[in-house]
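Scroll down for the structure; my scribbles are underneath it.
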Amino acid sequence: MTTPFKFNSEFELAESLARSGGALIKEAFHKPKNIDLKSSTIDLVTETDTAVEAMILSAITKNFPTHKFIGEETVAASGGQKVEITDDPTWVVDPVDGTTNFVHSFPYPCVAIGFMNNQIVEFGVIYNPINNEMFTAKLGHGAFLNNQKITTSPASPEAVQGSLLITEIGSDKNAKKLDLVFGNMNSLLQAGAHGFRSLGSCAMNMCAVACGRADAFYEAGMHIWDYCGAGLIVREAGGSTIDMNGGELDLCARRIIAASNSGLAVDISKNIESIELERD
Ligand code: IPD
């Protein structure tokens, strides 16, 4: 028997906020966007990112005034304040994961919400309003796409040989980092991977693994709000999430391997070089 879930009110609010945020993204999707730059010329933010985060933060503050909030645009507005994970109930939010997708009307932006308590991720809600896909998971209760149970692909190999992989180049154009990124792709292809795909959103990439559309995703450079909720969705779908260095997943290290099964996750880690980044 599954144990009752303690955070149903928070989960319901998250789902409804993801839909409302999604509606704002959808409304603006084909219109010209006002773009600002953050850490680099390809780290973008639009007024929709800011508006969606403000709407989500205000609803959380109203409904759960004692909860903590870690949001992409709130952290950016603070000048990149360090993330502090405490035992308190904490919402981890990316209002638009895949901002570059959104800017170019490539149909994979999403609202990404994770919720932690006692430093454990209790639920994840990821919503792509363009294709109307709502991915959800509650800890210990499975993963779902539009309310249908999902699992990672049972046909996924347990090693790199024969796998379909997802990765991203990311928004850091530093030449040394790019060498590592392309070097890792090269190594995995030499190890027999069938090929690479990129959806332009860390959370969307992870949800693709969770529902069996690809065998694994890995990246270094994204932030806690990009993989906190989606990580739970992968694990609840039967997949494995580890650090790119082969160790335990670290939500502030800005690295992940999310795979259909643990054999594949470990084999990817053995074939790539981990990338050191400033922690969140
Ligand atoms: C980015 C996306 C992208 C990934 C970057 C992230 P954002 O998030 O997830 O796929 O490559 O590392 O920063 O900026 O669109 O929320």
Answer with yes or no whether residue 83 is outside any loop (DSSP other than H, G, I, E, B) and in contact (Cβ under 8 Å) with a residue 40 or more places away in the chain.
-> no
Of (1) more than 10 Å from the ligand (Cβ to nearest atom); (2) touching a residue at least 12 places away in the same chain (Cβ under 8 Å); (3) on the phi < 0 side of the Ramachandran plot, residue 212 satisfies every one except (3)
Can you tell me which of 87, 43 is more than 15 Å from residue 24 (Cα to Cα), charged (D, E, K, R), out of contact with any strand residue (DSSP E or B) (no Cβ under 6 Å at 6 or more places or on another chain) and at pLDDT 95 or above?
-> 87
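Considering only residues that are of a type in the set (A, V, I, L, M, F, W, C) and in a helix (DSSP H, G or I), which ones fall in the stretch 251-274?
First, the residues of the stretch 251-274 that are of a type in the set (A, V, I, L, M, F, W, C): 251-253, 256-259, 264-266, 268, 272.
264, 265, 266, 268 - these are the residues of the stretch 251-274 that are of a type in the set (A, V, I, L, M, F, W, C) and in a helix (DSSP H, G or I).
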Taking the stretch 182-195 as the search range and keeping residues that are outside any loop (DSSP other than H, G, I, E, B) and in contact with a helix residue (DSSP H, G or I) (Cβ under 6 Å, 6 or more places away or on another chain), which one is farthest from the ligand (Cβ to nearest atom)?
-> 187
Near pairs, Cβ below 7 angstrom, 6+ apart or cross-chain, from the stretch 32-53 (under 14 Å from residue 98 (Cβ atoms) and among the acidic types (Asp, Glu)) to any residue that is away from the ligand (no atom under 11 Å from the Cβ) and modelled with pLDDT under 85 | 43/37
Of the conditions (1) part of a helix (DSSP H, G or I); (2) touching a residue at least 40 places away in the same chain (Cβ under 8 Å); (3) of a type in the set (D, E, K, R); (4) away from the ligand (no atom under 14 Å from the Cβ), the single one that residue 158 does not satisfy is (1)
Among the candidates 142, 170, single out the residue that is at positive phi, surrounded by 15 or more Cβ atoms within 10 Å (Cβ to Cβ) and at pLDDT below 95.
-> 170
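Which of the following residues is part of a helix (DSSP H, G or I) and within 18 Å of residue 222 (Cβ to Cβ): 94, 49?
Values: 94 fails: part of a helix (DSSP H, G or I).
Residue meeting the stated conditions: 49.
Which residues, taken from the stretch 227-250, are touching a residue at least 24 places away in the same chain (Cβ under 8 Å) and more than 11 Å from the chain's Cα centre (by Cα)?
In the first step, residues of the stretch 227-250 are kept if they are touching a residue at least 24 places away in the same chain (Cβ under 8 Å); the result is 227-246.
Selection gives 235, 236, 237, 238, 239, 240, 241, 242, 243, 244, 245, 246.
The values are calculated or read from the model by the stated rules, or taken from the named source; none is laboratory data. Values in this document were obtained by computation on a predicted structure and should not be read as measured data. Reconstructed Cβ throughout: ideal geometry from the backbone, glycine too, with neighbour counts over all protein chains shown.
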